[in-house]
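Below is one structure, written out as structure tokens, with a few remarks after it.
The values are calculated or read from the model by the stated rules, or taken from the named source; none is laboratory data. Computed from a prediction, not measured in an experiment: that's the story for all the values here. Here the Cβ is made from the backbone with ideal geometry for all residues, glycine too, and neighbour counts use every protein chain on show. Quick note on the areas: whole protein, heavy atoms, side chains included, nothing else; ligands and nucleic acids left out. Shrake-Rupley method; radii C 1.70, N 1.55, O 1.52, S 1.80 Å.
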Amino acid sequence: VVGLRQTVRDMVLSLAVVLAAIAVILLITWRPTPDPVRVVDPTPALSLARAQADYPVLYPADLDASWRPTSARWEITPSSQPDPAWHVGFVTPDDAYAQLGQSATEDPSFVADQVGAAKPAGEWQGWLRFDAADERALVRVDDGVTVVVSGTAPWPTLQVLAERLSPTAVPTRDPSTTPAG
């Protein structure tokens, strides 16, 4: 009986040593999960677009910090060529996605690329509405310039973005942002 107690005691001690070693390793290597949203500064891309475009390049005015810009570009895309397209994407306050696309292209595939699987669904304040199960879009063409506000965000959020578009608005400076990408 004494030998059996000693064997059980040794086994428990060995298990404790192994668990302690695992705990130390976990404490040393544990890293908090970073926010998967990479916030960017859209200012460089917006400045370039406004300097090169022959039309007013839009940006939403007065968005609070809960609108996090995640992408910004001014580039020629397959559906906008030969004209460049302005793009800025946001994670919205309700953690959905919303984006602004703008180009002077006459290629109808630009709108198709911007609205994805969404189909025409009426109008809203001069904008054409497009709707699908998981994405929505508002499209407007003014003086040959196509503007598309789209994403997975609910209609009220996309409408806020569309209502705030301005040719003079600039991004709010946030020290936590990184260069546009």
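Look at Val170 and say whether it is closer than 22 Å to Asp54 by Cα and open to solvent by 20 Å² or more (accessible area, probe 1.4 Å).
In short, yes.
Condition check ((1) under 22 Å from Thr157 (Cβ atoms); (2) among the aliphatic types (A, V, I, L, M)) across all residues:
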{"site": "Pro60", "(1), (2)": "yes, no"}
{"site": "Pro82", "(1), (2)": "no, no"}
{"site": "Trp86", "(1), (2)": "yes, no"}
{"site": "Thr105", "(1), (2)": "no, no"}
{"site": "Phe110", "(1), (2)": "no, no"}
{"site": "Lys119", "(1), (2)": "yes, no"}
{"site": "Leu128", "(1), (2)": "yes, yes"}
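Screening Asp62, Asp54 for residues that are more than 11 Å from Trp86 (Cα to Cα), touching a residue at least 40 places away in the same chain (Cβ under 8 Å), surrounded by fewer than 18 Cβ atoms within 10 Å (Cβ to Cβ) and more than 20 Å from the chain's Cα centre (by Cα) leaves exactly one candidate, Asp54. Taking region 105-135 as the range and being assigned to a loop (DSSP other than H, G, I, E, B) and touching a Gly at 6+ places or on another chain (Cβ under 6 Å) as the test, only Glu135 passes. Only one entry in Ala121, Ala153 is in contact with a Leu (Cβ under 9 Å, 6 or more places away or on another chain), over 26 Å from Arg38 (Cα atoms) and among the small types (Gly, Ala, Ser), namely Ala121. In this structure, is Ser71 out of contact with any strand residue (DSSP E or B) (no Cβ under 7 Å at 6 or more places or on another chain), open to solvent by less than 80 Å² (accessible area, probe 1.4 Å) and modelled with pLDDT of 90 or more? No, not satisfied. Determine whether Leu46 is touching a residue at least 40 places away in the same chain (Cβ under 8 Å), touching a Leu at 6+ places or on another chain (Cβ under 6 Å) and either over 30 Å from Thr146 (Cα atoms) or surrounded by 10 or more Cβ atoms within 10 Å (Cβ to Cβ) (or both). In short, no. If I filter region 59-80 for residues that are of a type in the set (Gly, Ala, Ser), touching a Pro at 6+ places or on another chain (Cβ under 6 Å) and not in a loop (DSSP other than H, G, I, E, B), do I get at least one hit? Checked against the condition, which is being of a type in the set (Gly, Ala, Ser), touching a Pro at 6+ places or on another chain (Cβ under 6 Å) and not in a loop (DSSP other than H, G, I, E, B), region 59-80 yields at least one hit. Within region 136-170, the set of residues being assigned to a loop (DSSP other than H, G, I, E, B) and closer than 19 Å to Glu106 by Cα comprises Asp143, Gly144. Let me spell it out: the conditions are (1) within 20 Å of Tyr59 (Cβ to Cβ); (2) open to solvent by 20 Å² or more (accessible area, probe 1.4 Å); (3) in a helix (DSSP H, G or I), and Pro93 meets all of them except one. Which number is the exception? (3) is the only condition that Pro93 fails.
Applying the selection to region 97-108, what residues are within 22 Å of the chain's Cα centre (by Cα) and surrounded by fewer than 17 Cβ atoms within 10 Å (Cβ to Cβ)?
Taking region 97-108 first, the residues within 22 Å of the chain's Cα centre (by Cα) are 97-103.
Listed by number, the list holds a single entry, Tyr97.
Scanning region 8-36 for residues that are assigned to a helix (DSSP H, G or I) and within 30 Å of Thr70 (Cα to Cα) gives a single hit, Thr29. Of all residues in region 106-126, those that are farther than 27 Å from Ile76 by Cβ have Cβ atoms under 7 Å from Cβ atoms of residues that are among the charged types (D, E, K, R) and outside any helix (DSSP H, G or I), 6 or more apart or on another chain, in Lys119/Asp131; Ala121/Arg129; Ala121/Asp131; Gly122/Arg129; Glu123/Arg129; Gly126/Arg140.
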